[in-house]
Structures are given as C-alpha cells and as structure tokens.
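Chemist: There's a structure below that I have some questions on.
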Amino acid sequence: MKKTSKLLAITLVAASFLGYSLPALADQTTPDSSSTNGQTQTTPAADNNQNKIANAKERLQNEIIHLQQVKEIQPYMQQIKQLQDQEKELRSQIQTQRQSVHNKIKADREAKNYDALLAALNDMVPMMDDISSAKQAAQTCKTDWEQLKSDRTSKNQTALTNDVQKIQTDISSRISIYQKILADLTKINQDLDTPASASSTPSPAPGSTSSTTSS
C-alpha cells in the first residue's frame with residue numbers, strides 16, 4: 001500500500017508536469033496556421049513591417065546618393081554662385097546705363113542735338129549683335145540648368161559634374177557679353193553728352209527776317 005501510494009504520487013507529479021509541458025510543446029511543434037503545403041507564408045502584419053523596412057532602406061539609399069551628388073558638385077556650385085553675383089552686378093550697372101541713355105536721348109531730341117543723336121545711333125548698331133548674343137547665351141544656360149535637374153532626378157551621377165561645368169562656362173560667357181554691352185552703353189552715354197555744334201543749330205528759314213530799306 002505504501003508502495004502504491006508512492007507510485008500514485010509520482011504519477012500525479014508527472015501528470016502535472018506534462019500538463020504544463022504539453023501546451024508549450026504543442027506551441028513549438030504545431031504547424032503555423034498560415035503555413036500550407038510545406039511553404040511558409042507571412043502574415044499581413046509581417047508584410048507591413050517588411051514594407052516599412054524596405055521603404056526606410058530606400059530612403060537611406062536615396063539620401064546617400066543625394067549627399068554624394070552634393071559633395072561632388074559643391075565646389076562647382078560655389079563658383080557658379082560667385083559668377084551669378086558678378087552677373088547680377090553687371091545687370092544692375094547695365095540697367096543704370098540704359099536709363100541714363102533713355103533720359104539723354106529725350107533731352108538731345110528736345111534740344112535738336114543731331115550730332116549727339118547720330119553718334120549714339122551709330123554706336124547702337126553693333127550693340128544689337130551683343131544683345132542677340134546675350135539672348136542666345138541665356139537660352140543655352142537655361143537648357144543646361146534643365147539638363148542638370150533631369151540628371152539629378154535620374155541620379156545620373158556621372159553626368160552631374162559635366163552639367164555644372166557647362167553651366168559655369170555658360171555664365172562666364174554671359175558675363176563677357178554683359179561686359180561688352182556695358183561698354184557699348186557707356187560709349188553711347190558719352191556720345192549723348194556731345195555738345196551741339198553750330199552747324200546742327202537750325203538756321204532761320206529763308207525770308208523769315210525782314211530787311212529794312214532806307215528812305
């Protein structure tokens with residue numbers, strides 16, 4: 001009887017142990033409800049997490065590419081900024097000279113200063129070619145800026161350096177043209193300062209003066 005009681009106690013302890021162990025074992029050995037035919041399928045939550053990780057990875061890679069682009073072209077962009085500042089200053093000087101020319105032409109017309117007007121008009125003729133060149137240079141620069149934007153969007157790292165070098169050349173060319181236009185306007189302003197000569201003063205119309213006769 002004593003031996004039987006001891007065996008019963010051991011059996012109860014074992015049963016109790018199995019009661020705790022079997023559910024845990026079942027959790028480990030029972031096939032996933034989402035797995036069929038030996039193939040593992042992820043749950044919607046797992047898919048969502050994978051998508052977030054993939055998106056985060058893509059953002060990091062894009063940022064790396066962006067920083068590489070910035071680092072590569074930064075020296076050129078600094079030079080371009082300096083050239084743009086120089087170009088802006090030239091444009092301001094040109095605008096000032098143009099306004100001066102406008103005012104002087106109006107004054108010389110009122111004064112009938114034909115010598116000054118003719119000299120100014122003759123110097124305006126070659127300036128038209130410089131203005132045409134400036135417009136062409138502006139269009140070329142615009143095209144190259146658009147190409148730079150396109151290559152950055154497509155992450156064409158190889159083309160970016162070439163793009164910014166072309167833009168730098170474009171702006172340098174425009175500066176040279178603006179300098180010529182500024183020189184043209186300076187000369188025209190000087191022409192318009194030419195004093196009227198006696199020959200340019202309108203002479204009285206014939207018969208406009210009355211002659212006196214002695215009686």
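The values are calculated or read from the model by the stated rules, or taken from the named source; none is laboratory data. Keep in mind that this is a model prediction, so the values were computed, not measured. Positions of Cβ are generated from backbone atoms using ideal geometry, with glycine treated the same way; all protein chains shown enter the neighbour counts. Side chains included, ligands, DNA and RNA excluded: accessible areas come from the protein's heavy atoms. Shrake-Rupley method; radii C 1.70, N 1.55, O 1.52, S 1.80 Å.
Chemist: Being surrounded by fewer than 17 Cβ atoms within 10 Å (Cβ to Cβ) and closer than 17 Å to residue 134 by Cβ is the filter here, so list the residues in region 161-172 that pass it.
Modeler: Hits for region 161-172 are 169, 172.
Chemist: So which residues in region 57-72 are free of Cβ contacts under 8 Å to residues at least 24 places away in the same chain, under 19 Å from residue 148 (Cβ atoms) and open to solvent by 90 Å² or more (accessible area, probe 1.4 Å)?
Modeler: Within region 57-72, 67, 71 qualify.
Chemist: Can you find, within region 143-160, the residue that is modelled with the lowest pLDDT among those that are among the charged types (D, E, K, R) and either open to solvent by 70 Å² or more (accessible area, probe 1.4 Å) or under 15 Å from residue 68 (Cβ atoms) (or both)?
Modeler: In this case the residue turns out to be 155.
Chemist: Name the residues in region 104-116 that are open to solvent by less than 80 Å² (accessible area, probe 1.4 Å) and in a helix (DSSP H, G or I), would you?
Modeler: Hits for region 104-116 are 104, 105, 107, 108, 115, 116.
Chemist: Restricting to region 88-115, what's the tally of residues that are in contact (Cβ under 8 Å) with a residue 60 or more places away in the chain and among the basic types (Lys, Arg)?
Modeler: The qualifying residues number 4.
Chemist: Could you grab me the full set of residues in region 73-98 that are open to solvent by 90 Å² or more (accessible area, probe 1.4 Å) and within 30 Å of residue 152 (Cβ to Cβ)?
Modeler: 78, 81, 82, 88, 89, 91
Chemist: Can you pull out the residues in region 120-139 that are in contact with a helix residue (DSSP H, G or I) (Cβ under 8 Å, 6 or more places away or on another chain) and among the charged types (D, E, K, R)?
Modeler: 123, 130
Chemist: Looking at 105, 64, 131, 80, which is the one that is over 16 Å from the mean Cα position of the chain (by Cα) and under 18 Å from residue 176 (Cβ atoms)?
Modeler: On inspection, the qualifying residue turns out to be 131.
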